[in-house]
1. Any residue in segment A:83-91 that is within 24 Å of B:Thr103 (Cβ to Cβ), at pLDDT below 95, open to solvent by 50 Å² or more (accessible area, probe 1.4 Å) and within 15 Å of DNA strand C (Cβ to nearest atom)?
2. Have a look at B:Glu59, B:Glu94, B:Glu76, B:Glu71 and point out the one that is open to solvent by 50 Å² or more (accessible area, probe 1.4 Å) and either near DNA strand D (Cβ under 8 Å from one of its atoms) or within 28 Å of A:Asp32 (Cβ to Cβ) (or both).
3. Looking at (1) open to solvent by 40 Å² or more (accessible area, probe 1.4 Å); (2) within 16 Å of DNA strand D (Cβ to nearest atom); (3) touching a helix residue (DSSP H, G or I) at 6+ places or on another chain (Cβ under 8 Å), which is the only condition B:Thr103 fails?
4. Mind listing just one residue for me: the one in segment A:32-51 that is in contact with a Lys or Arg (Cβ under 7 Å, 6 or more places away or on another chain) and at the interface with another protein chain (Cβ under 7 Å from one of its Cβ atoms) and, of those, farthest from DNA strand C (Cβ to nearest atom)?
There are 2 protein chains.
Amino acid sequence: METTDNDKRKCPNHLSTGECTKQLLPVKDALDILSGKWKLQIILSLTFGKKRFKQIQREITGLTPKMLSKELKELEINELASRKVYDTSPVTVEYELTTYGKTLKPLIMELHKWGTKHRKRIIARGGRD
Amino acid sequence: METTDNDKRKCPNHLSTGECTKQLLPVKDALDILSGKWKLQIILSLTFGKKRFKQIQREITGLTPKMLSKELKELEINELASRKVYDTSPVTVEYELTTYGKTLKPLIMELHKWGTKHRKRIIARGGRD
DNA sequence: TATACTGCTTTCCTAGAGTATACCGATATC
DNA sequence: GATATCGGTATACTCTAGGAAAGCAGTATA
């Protein structure tokens, strides 16, 4: 399936089609976990420290409890965030990035950096589209 | 709407709710453009050099012409990629990252780096879930 | 008694993301 | 004439991300 005639013909920079496809695999894996409208925003919110459910919801505009709950579950399953329940009065739940979740920081920071420049750009042109 | 009682109460690390929300804005903007299953994969593919339609499709497994066409249009609209048509025999079309599109490289590289580590992790546990 | 807060869950719904398949005109190859 | 390649478009369909709204148990406040 690799190094066929098809394979070597077009990709510049010494990369065959098959090699390019290989380069894409990790990106695909990352995207599987991180894609969607909310996940990276939630993770960014948690990089500032542990947070409660309502607090996260308050910070992220437009985020409904249903989505937040769903996304937090997925983050837990993928071991990016942890959930701690405290047996207090109306129950307190805290979410926090795991050690593994914290490895996403450089990525998030790049996203934030790029987003900041991009935001300036679209504002300079008077809004988007 | 900001600096109310609500505002200062819970966010640790000296960030009020409103400040956290502000930090999230650029990330939201970036996500608006980059989210989805294919866009970042296409951009990564183009960081290796200019490519033709079919070549991109060949590299990215599972990508249908309809989606590719749609995503490329959106990348064009957002000035991340450019499209050049050559008046050859059955017509040649080449896609390339714009200068602006190239500013995404560090982000893509972080994604690739994280994805690589993540991939090892999930493979080590024998698949995901 | 009524209202409001917390941390959710549940139900219902829709827009649009994504898939599958076929087709187009041109040109070239067999 | 049959087939293939290139850069798509058309049609039709599935599926799920995401939104709106209500509810629930427990506490508190009035």
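The values are calculated or read from the model by the stated rules, or taken from the named source; none is laboratory data. A quick note: this is a predicted structure, and the numbers were derived from the prediction, not measured. Every residue, glycine among them, receives a Cβ derived from its backbone with ideal geometry; neighbour counts consider all protein chains shown. With ligands, DNA and RNA removed, areas are computed over all heavy atoms of the protein, side chains included. Shrake-Rupley method; radii C 1.70, N 1.55, O 1.52, S 1.80 Å.
1. So far as segment A:83-91 goes, no, none of its residues is within 24 Å of B:Thr103 (Cβ to Cβ), at pLDDT below 95, open to solvent by 50 Å² or more (accessible area, probe 1.4 Å) and within 15 Å of DNA strand C (Cβ to nearest atom).
2. B:Glu76 is the lone residue from the list that is open to solvent by 50 Å² or more (accessible area, probe 1.4 Å) and either near DNA strand D (Cβ under 8 Å from one of its atoms) or within 28 Å of A:Asp32 (Cβ to Cβ) (or both).
3. It is condition (2) that B:Thr103 fails.
4. Here the answer is A:Gln41.
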